[in-house]
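Chemist: Dumping the structure here so I can ask a few things about it.
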Amino acid sequence: MMPSPVKEVVVISGKGGTGKTSLTAAFAFLAQEDIVLADCDVDAPDMHLLMNPRVEMEQDFYSGWQAEIDCLKCSNCGKCQEVCRFSAIIQSNECFSIDADECEGCGYCSFICPEQAIQLIPRLSGQFRVSRTRFQHKLVHANLDPGGENSGKLVNQVKQVAARIAREDSKKIILVDGAPGIGCPVISSLTGADLVVLVTEPSLSAFHDLQRVFNLVNQFRIKTACLINKADLNSDISTKIKAFLAENSILLLAELAYNTAFTAAMLKGHCILEEENTSFQPAILEAWNKIISLLN
Amino acid sequence: MKIAIASGKGGTGKTTLSVNLASWLALQDKVVLVDLDTEEPNSGIFLKLPLIRSIIGVKPVPVWQSDNCLHCGKCQGYCQFHAIISLPSEVLVFPKLCHSCYACSELCPASALPMLNEKIGKIDHFARENLTFIEGKLDVGQEMAVPLIKQAITYTESQSVNSEWLIFDSPPGNACPMIEATKVADFIILISEPTPFGLYDLSLSVQSLRKLNRNFGVVINREGIGNSDLERYCLDEDIPVIARIPQSRLIAESYSAGKLVYHEDNDFLSSLKQIKDFLQNDAFSC
């Protein structure tokens, strides 16, 4: 297979709230128009709050199926309810019906219904959008419907659209803001990544989560770098994190001090580097330059 | 009373509130705390209780029996999750994609796909005096947290007959893991911070919970760090604000070292008292 000329950088953290989105936005600010941005934290997306994007395209996202019972055909035999492992079949006065919140879309009920009264219909799971940020990047972002399933598939969709735009517009880098955790949306965001940036902080929780997410990244054999945010909050744990990074050949991109300036910037809808007199500029610039050189 | 502590945005204080509330309530009452953030469980770091029992977290998946197989290919047609590929000479099963619906297994004409349990994580049970702690931990590389969350809840309910408080520390976000973890709770505490990210992600959680007709209220953490939009949103939406925990570097430092904070920080302690008072007196009148 030909190596892809577009490089993909995925920012994740394991633990939430370590500063993924704020830092991804700062990198996007530095990269200016050279990148396509993708917000893959689809069930709690925040990148648009710093980027004030103008939506250029919006499309519904369908994923999987949902069973539907035709009441006119239903003979009330109850076989569907017997086989459903998800307690998604409700008996009402007239006939059986589907609890859409519980239905997994497996179709078992539709296969065994003797009256063929159950069909599978495509499930609307959210929307994805292509927008232009106030810095003129293209941003691909999405919204999973409340309580939605298949966030992994929506992440996949966002990444595919971002890759297509990058090819069409000859952008070299796709910068992906990922989800917390190590489950399906994170695994989807890692597929095809060229570099993973782990954003952590010196707390026992974040360090524990960092090790788990690193083990996951290792299963994919992707090059990894790390940024320690709020580094002065606990210097003992910072030291331990740095030892862990060295042991595992993870490049340390930067250490940033605990500072409420990130929140102050967020309140204005700014990224941190737009703030006057920010002390973070050199460290974040150095981190971004290291990311660029790791990609080459 | 069953309480879930959740938040749309990560890092807003779910675990801090869960472990402190559970430990403080356990000074008087019997309490069970369950960490359902199975992808990244952190409550155990703060509690350090002795382990009583460890059980394997499983989900049932089909296992191909070559001797029985007729190679009819129906199993692949039944599976909506692409977890089965039927090749001319063998059937491949991808357990990580399986949703355990049993369709392939029970509809196979030759009984060639019996369901067997596959390990996806573990459930650890810790206890000392009044406090029981149950932790679900997903194996790294597993995609689906929901089956383990369900199993941890079922296990908890079998173990917590005489407890006054059951507290579920939920996973972040607004997708299926959060919904599953809050499903059995009588009341859900959404903890957020007064920032644009905190407000936006809270509003998504509110949509999810309202759609399901759930009882919930808000705890504002790091009060003073941001603006008053979150407070105004709760007022406009008629959502009770149960307590406000001030922004404090001391709390952040205690958290970083894995320490409980309620006996060091009076503001935090009074927030816990307000939360208990609210749950006992007001939670079901709103």
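Chemist: In the stretch A:87-128, which residues are touching a Leu at 6+ places or on another chain (Cβ under 7 Å), open to solvent by less than 40 Å² (accessible area, probe 1.4 Å) and closer than 19 Å to A:SER75 by Cβ?
Modeler: A:SER110
Chemist: Between A:ALA231, A:ALA261, which is touching a strand residue (DSSP E or B) at 6+ places or on another chain (Cβ under 7 Å), assigned by TED's automatic domain parsing to the domain that holds A:ASP194 and on the phi < 0 side of the Ramachandran plot?
Modeler: A:ALA231 is the lone residue from the list that is touching a strand residue (DSSP E or B) at 6+ places or on another chain (Cβ under 7 Å), assigned by TED's automatic domain parsing to the domain that holds A:ASP194 and on the phi < 0 side of the Ramachandran plot.
Chemist: Kindly state which helices (runs of 4 or more DSSP H) lie completely within the stretch A:209-296 and contain at least 1 residues that are acidic (Asp, Glu), within 14 Å of chain B (Cβ to nearest Cβ) and out of contact with any Phe, Trp or Tyr (no Cβ under 9 Å at 6 or more places or on another chain).
Modeler: A:235-247
Chemist: For the stretch A:126-155, what are the residues that are touching a residue at least 60 places away in the same chain (Cβ under 8 Å), at the interface with another protein chain (Cβ under 10 Å from one of its Cβ atoms) and either among the hydrophobic types (A, V, I, L, M, F, W, C) or part of a loop (DSSP other than H, G, I, E, B) (or both)?
Modeler: A:LEU144, A:GLY148, A:GLU149, A:ASN150, A:LEU154
Chemist: Having 1 or more residues that are assigned by TED's automatic domain parsing to the domain that holds A:LEU195 and surrounded by 24 or more Cβ atoms within 10 Å (Cβ to Cβ) is the bar; report the strands (runs of 3 or more DSSP E) wholly within the stretch A:1-80 that clear it.
Modeler: A:7-12, A:35-39
Chemist: In the stretch B:133-151, which residues are more than 20 Å from A:GLU149 (Cα to Cα) and crowded, with 24+ Cβ neighbours inside 10 Å?
Modeler: B:PHE133, B:ILE134, B:GLU135, B:GLY136
Chemist: Filter the stretch B:1-26 down to the residues that are open to solvent by 10 Å² or more (accessible area, probe 1.4 Å) and farther than 18 Å from B:GLY198 by Cα and list them by number.
Modeler: Across the stretch B:1-26, the qualifying residues are B:MET1, B:LYS2, B:SER23, B:TRP24, B:ALA26.
Chemist: Is at least one residue of the stretch A:10-24 away from chain B (no Cβ under 14 Å) and touching a residue at least 40 places away in the same chain (Cβ under 8 Å)?
Modeler: Yes, because at least one residue in the stretch A:10-24 is away from chain B (no Cβ under 14 Å) and touching a residue at least 40 places away in the same chain (Cβ under 8 Å).
The values are calculated or read from the model by the stated rules, or taken from the named source; none is laboratory data. Note that the structure is predicted; figures quoted are calculated from it, not measured. Note: ideal-geometry Cβ built from the backbone for every residue, glycine included; neighbour counts use all protein chains shown. Side chains are part of the model used for accessible areas, which takes the heavy atoms of the whole protein and leaves out ligands, DNA and RNA. Shrake-Rupley method; radii C 1.70, N 1.55, O 1.52, S 1.80 Å.
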